[in-house]
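Structure first, then comments.
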Amino acid sequence: MNYAPGVTPPRVKDQASTADELLDAARELRDAVDALAFAPPVHTVYNPLGYAWPMIEAYTRRFGDGPKRVVLFGMNPGPWGMAQTGVPFGEVGHVRDFLRLDATIGKPDPEHPKRPIEGLSCGRSEVSGRRVWGLIAERFETPESFFRDHYIANFCPLVFMGESGKNLTPDKLPVAERQPLTDACNRHMRRVLGALQPAFVIGVGAWAEQRAVECCDGRVGVTVGRILHPSPASPAANKGWAGQATKQLVELGVWDQ
C-alpha cells in the first residue's frame, strides 16, 4: 500500500517487539504486586513472575509472536499449575510434553511447607490445567497451530494460601487489599491487550469475564465473553467440560463448529 507524503504507515508488530512488550508488562506487574501486603487469613503468597521468570520468558518468547485474534485468561495461578511451571493453566505434563518448554524454576521465599515448588518435577497434576490444555491439544494438535492466533494469560499472577496451605482466591480478599491488586492487574492486562490487539477476549470463568469487561472498556471491535471454568470444584465442569467450553466458543464466533 502506498501512503501520501507525510503520512506515517501503521507500525506492524514483529515477534521481538510483541514479546518484549509482554515481558516488560510482566516485569512491571511483578514489581507492583510485590509491593502489596496481605493480612490474615492470607499466610503465604507466591509470585511466579519472580521465581519462575525463566519459564515465563520462554513461554512468552516462543508463543507471544505478534498480534492474536483471541486472548483467553483466567483468575490466578493454581498451586499445582502455574505456581509450579510459570505457565498459565500450566499443568506439568502438558507444559513438558505438549508445549515442550523447559526452564529453571526457582523457589519462592517464603515457601509454604505444604505447597512446595518442584517445577517440572512436581508429581501433582492440576485438573483445571489438564482440561484446558487437553482440549487445546485435541483440537489443534500442535502448540504452533493454537498460538498462531491464540494466547493464554492470567489476570492475577499471585497464589494466596492460608496457614493450612488452603488455596485462597483473589476475589475473596477484602476490598482494601483487592482494589490495589485489581488496579495493578488491570494496567497489566490492558498492556497485554494493547500488544496483542485481539478481536476476542475470553474470560475463563465469570470473574475473569468481569475483569475482561473492565479492561476492554472503550476498545472498539472487541468481543468479550466467557467459557465455563474448568475447576473440579464446579459440578458443571465435571460434566463434560471440554464439550461445554467448545460449544461456548463456537457460539461466541471464536471457533468454527
| remark: Filtering the range 79-94 down to residues that are surrounded by fewer than 24 Cβ atoms within 10 Å (Cβ to Cβ) and within 22 Å of Gly165 (Cβ to Cβ) yields Pro79, Trp80, Val92
| remark: Reported set for the range 62-109 where residues are closer than 15 Å to Gly129 by Cβ and small (Gly, Ala, Ser) is Gly74, Gly78, Gly81, Ala83, Gly86, Gly90, Gly93
| said: Being under 16 Å from the mean Cα position of the chain (by Cα), of a type in the set (A, V, I, L, M) and over 28 Å from Gln210 (Cα atoms): is that true of Leu158 here? | reply: no
| said: For the range 141-257, give me every one of the strands (runs of 3 or more DSSP E) that falls completely inside it and has 1 or more residues that are within 15 Å of Phe73 (Cα to Cα), touching a residue at least 12 places away in the same chain (Cβ under 8 Å) and polar (S, T, N, Q). | reply: 150-154, 223-227
| request: Starting from residues that are more than 13 Å from the chain's Cα centre (by Cα) and part of a helix (DSSP H, G or I), keep the ones in the range 49-59 and report whichever is nearest to Glu111 (Cα to Cα). | output: Tyr51
| query | Are any residues in the range 169-214 of a type in the set (A, V, I, L, M) and farther than 24 Å from Lys68 by Cα, and if so, which ones? | reply | Leu173, Val175, Ala176, Leu181
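Residue-wise test of (1) more than 18 Å from Glu118 (Cα to Cα); (2) in contact with a Phe, Trp or Tyr (Cβ under 7 Å, 6 or more places away or on another chain); (3) hydrophobic (A, V, I, L, M, F, W, C).
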residue: Asp31; (1), (2), (3): yes, no, no
residue: Asp34; (1), (2), (3): yes, no, no
residue: Leu49; (1), (2), (3): no, no, yes
residue: Met55; (1), (2), (3): no, no, yes
residue: Phe63; (1), (2), (3): yes, yes, yes
residue: Val71; (1), (2), (3): yes, yes, yes
residue: Met75; (1), (2), (3): yes, yes, yes
residue: Trp80; (1), (2), (3): no, no, yes
residue: Val87; (1), (2), (3): no, yes, yes
| said: Which residue is nearest to Met189 (Cα to Cα), if the candidates are limited to the range 15-46 and must be buried (at least 18 other Cβ atoms within 10 Å of the Cβ) and hydroxyl-bearing (Ser, Thr, Tyr)? | reply: Thr18
| Which numbered condition Ser145 fails, given (1) at positive phi; (2) small (Gly, Ala, Ser); (3) at pLDDT 95 or above | (1)
| request: Go over the candidates Val159, Val192, Val254 one by one and state the one that is more than 17 Å from Met82 (Cβ to Cβ), surrounded by 14 or more Cβ atoms within 10 Å (Cβ to Cβ), at pLDDT 95 or above and touching a strand residue (DSSP E or B) at 6+ places or on another chain (Cβ under 9 Å). | output: Val254
| message | Against the condition within 23 Å of Pro110 (Cα to Cα) and either of a type in the set (Gly, Ala, Ser) or in contact with a helix residue (DSSP H, G or I) (Cβ under 6 Å, 6 or more places away or on another chain) (or both), how does Val224 come out, does it pass? | response | no
| Does the range 107-128 hold any residues that are touching a residue at least 60 places away in the same chain (Cβ under 8 Å) and closer than 30 Å to Gln248 by Cα, and which are they? | Val127, Ser128
| request: Report, ordered by the first and then the second residue, all pairs with beta carbons closer than 7 Å, sequence separation of six or more or different chains, a first member in the range 87-106 that is under 14 Å from Ala137 (Cα atoms) and of a type in the set (Asp, Glu), and a second member that is at pLDDT 95 or above and not in a loop (DSSP other than H, G, I, E, B). | output: Glu91/Gly129; Glu91/Arg130; Glu91/Trp133
| message | Of everything in the range 60-104, what is in a helix (DSSP H, G or I) and either acidic (Asp, Glu) or at pLDDT below 95 (or both)? Give them in sequence order. | response | Asp97
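The values are calculated or read from the model by the stated rules, or taken from the named source; none is laboratory data. The model shown is predicted, which means the values in this text are computed figures rather than measured ones. Note: ideal-geometry Cβ built from the backbone for every residue, glycine included; neighbour counts use all protein chains shown.
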